[in-house]
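Structure record follows, encoded as structure tokens.
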Amino acid sequence: DYALQLHSLDALGGLDRLEVQRAIRNAAGPGPSLFVPEASLEVLIRKQIARLAHPAQLCVQAVEEELTRVANRAAGLISGTDLKPTELRRYPNLAMALKQVTCQLIGERLPACLQLVETLVAMEQAYINTNHPDFWRTGEALNT
């Protein structure tokens, strides 16, 4: 669900014509410009990249929830599942301890993962390679 939300983000969503014109005018200065200044593209692209942060963090939280569910299922603590190995059936305290340690570890790593997502988004915003061939191919696709 969250992955679909990431894929469904429109690259040009949230940009209106006036905002694009304003960015070009601010980057070009007072004189007329024959070409679109690269600085204006970078400003607009940074804004669009920032839109990825929230859905990406939601994906991390969904993964954390799924890992917790898997840990509960592996320990046989979800009602209606009889997937407990023989050892865990014999030692219910072991199953409980296994679940606690696993869920605690997953919970401890969540803030670091969320921070990593923020860092990755910031890194993408820091360097925008407008000379990359995919950048120009995408622009050609938008004009057709």
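Structure above, values below:
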{"quantity": "Spacing of the two label points (7 Å from each Cα toward its C-beta) at Leu9 and Val101, in nm", "calculated": "3.8"}
{"quantity": "Pair Thr130, Glu19: separation of 7 Å Cα→Cβ label points (nm)", "calculated": "1.8"}
{"quantity": "Charge context of Gly14, other residues only, Cβ under 12 angstrom, K/R +1, D/E -1", "calculated": "-1"}
{"quantity": "Sites Tyr91 and Leu114 - FRET efficiency at Förster radius 30 Å, r taken between beta-carbons, to 0.05", "calculated": "0.30"}
{"quantity": "Peptide ranges 56-68, 114-126 listed from the most packed, as the mean C-beta count within 10 angstrom indicates", "calculated": "56-68, 114-126"}
{"quantity": "Proximal charge balance of Gly29 [Cβ under 14 Å; K/R count +1, D/E count -1]", "calculated": "+1"}
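All of the numbers you see were taken from the coordinates with simple rules; none came from a lab. Note that the coordinates shown come from a computational prediction; the quantities given were computed from them, not determined experimentally. Every residue, glycine as well, gets a Cβ built from its backbone with ideal geometry; the counts of neighbours run over all protein chains shown.
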